[in-house]
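These notes are about the structure you will find just below.
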Amino acid sequence: QVQLVESGGGLVQPGGSLRLSCAASGSISSIYSMGWYRQAPGKQRELVAVITSGGITNYADFVKGRFTISRDNAKNTVYLQMNSLNSEDTAVYYCNLKKLRLSPAYWGQGTQVTVSS
């Protein structure tokens, strides 16, 4: 089993910043990718950003230039630095891990991010 523990969510004003962290533990012999998804009320879960073990990143268009994903392979931890937040970024953010490119994903419990004045 794999456990993913997210942290760093909270309430922030528009234009502010937050940094999310996700630490993976458990049965981890290899990791292909780790990433972040989000789900706003009444909407489907959507990709925010993903990073492979080799450092290749992929971002959703709506966060390009504002969010940065990074990873500490030694700690099996992925980070999401979120800048210039706006109300549309309000959502539950979920950490995602894949051991292999085509394997099922593991999910964290989610962390709430609320952008409001």
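The values are calculated or read from the model by the stated rules, or taken from the named source; none is laboratory data. All values derive from a computational prediction rather than experimental measurement. Neighbour counts run over all protein chains shown; Cβ positions are idealised from the backbone, glycine included. Please note that ligands, DNA and RNA were not included when accessible areas were found on the heavy atoms of the full protein model with its side chains. Shrake-Rupley method; radii C 1.70, N 1.55, O 1.52, S 1.80 Å.
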Considering only the range 65-117, how many residues are among the β-branched types (Val, Ile, Thr) and under 21 Å from residue 41 (Cβ atoms)?
6
Can you tell me how many residues within the range 53-65 are among the polar types (S, T, N, Q), farther than 22 Å from residue 90 by Cα and modelled with pLDDT of 95 or more?
1
Which members of the range 3-31 meet the condition of being open to solvent by 50 Å² or more (accessible area, probe 1.4 Å) and within 14 Å of the chain's Cα centre (by Cα)?
5, 7, 19
